[in-house]
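Contents: one structure, followed by commentary.
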Amino acid sequence: MGVEGIGGLFFRSRDPEARAEWYREHLGIDAGHGAIWGQQAGMTVFAPFPVDSDYFAADQSFMLNLRVTGLDELAVALEQAGIPVERRPEWDTEEYGCFARIHDPEGLPIELWEPPAS
């Protein structure tokens, strides 16, 4: 008996249909009320941060981190779609992998994480 993983992420939106479409179009996530996203098994980090952390914007109570493959290609596709992608060399390490940051249409910070190859 015990928790096996995250069963869902629910958040408020000014325009749920448009926001769900943005996630489908740009990240390939079938988002929306009643949608089921069959994700691949893998690591999940579940970590509270101090209230004064500068890891993500202070006006946001959480940041969504998505495990990805082909981060470089995804970043190019997002930029071509007009979505700013932030990358910093100091974010990438052999131990943890590579990272990029974007924001959804309502400003939610999204960290894209490509773990290191096994």
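The values are calculated or read from the model by the stated rules, or taken from the named source; none is laboratory data. Worth saying up front: this structure is predicted, and the values here are computed from it rather than measured. Reconstructed Cβ throughout: ideal geometry from the backbone, glycine too, with neighbour counts over all protein chains shown. Accessible surface areas use protein heavy atoms only, side chains included; no ligands, DNA or RNA. Shrake-Rupley method; radii C 1.70, N 1.55, O 1.52, S 1.80 Å.
Scanning region 95-112 for residues that are under 23 Å from ALA41 (Cβ atoms) and open to solvent by 20 Å² or more (accessible area, probe 1.4 Å) returns GLU95, TYR96, CYS98, PHE99. Say whether the condition of being over 16 Å from ILE110 (Cα atoms), free of Cβ contacts under 8 Å to residues at least 40 places away in the same chain and surrounded by 12 or more Cβ atoms within 10 Å (Cβ to Cβ) is met by at least one residue in region 2-19. Yes: region 2-19 contains one or more residues that are over 16 Å from ILE110 (Cα atoms), free of Cβ contacts under 8 Å to residues at least 40 places away in the same chain and surrounded by 12 or more Cβ atoms within 10 Å (Cβ to Cβ). Close contacts from region 89-109, counting a first residue that is in contact (Cβ under 8 Å) with a residue 60 or more places away in the chain and a second that is assigned to a helix (DSSP H, G or I), with Cβ to Cβ under 8 Å and a gap of 6+ residues or different chains, come to ASP104/ARG19; ASP104/TRP22; ASP104/TYR23; PRO105/ALA18; PRO105/ARG19; PRO105/TRP22; GLU106/ARG19. Once region 62-88 is narrowed to residues that are basic (Lys, Arg) and without any contact (Cβ under 8 Å) to a residue 24 or more places away in the chain, the residue that is nearest to GLN40 (Cα to Cα) is ARG87.
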